[in-house]
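> Here's a structure for you.
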Amino acid sequence: MSKKIEIKVASEPQTLVAKAHNAARAKGMEFSGDENAGRFSGNGVDGVYEFQGDLLAITITKKPFVLPWAVIETSVKSFFA
């Protein structure tokens, strides 16, 4: 089961990607991509992201069964905030 999250962004995509890359690395996760699109994985969570104008579309493609969606969503949003 996957879930799509959309975030309205006010910062430049390059800035958000750099922040997400650093946050992912600090948590031992893999992160690859650029200001257009990319992917991340680690700790049982896999996902992809894509910038669409002033929206950031994140799709979580895999998560641990025991973790609720709300926890995953909050964590992923914090990477790009």
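None of the figures in this text is laboratory data; all of them are computed from the coordinates on show. Treat the numbers as computed from the prediction; the structure is a model and nothing was measured. Glycine gets a Cβ as well: all are built from the backbone with ideal geometry, and neighbour counts include every protein chain shown.
> Evaluate the distance, in nm, between pseudo-label points positioned 7 Å from the Cα of residue 7 and of residue 43 along their respective Cα→Cβ axes.
1.4 nm
> While we're here: Please compute, over every Cα-Cα pair in the chain, the percentage with a separation greater than 19 angstrom.
Summing the P(r) tail past 19 Å for the chain gives 27 percent.
> Under the 0.36 nm per residue contour assumption, what length would be gained going from the current alpha-carbon distance of residue 81 and residue 66 to full extension?
2.9 nm
> Same structure again: For 51, 40, what's the fewest-to-most ordering of other Cβ within 10 Å of each Cβ?
With the fewest neighbours first, 51, 40 line up as 51, 40.
> Still on this model: Mind checking the dipole of the chain: about its Cα centre, +1 per Lys or Arg Cβ, -1 per Asp or Glu Cβ, Debye to the nearest 20?
340 debye
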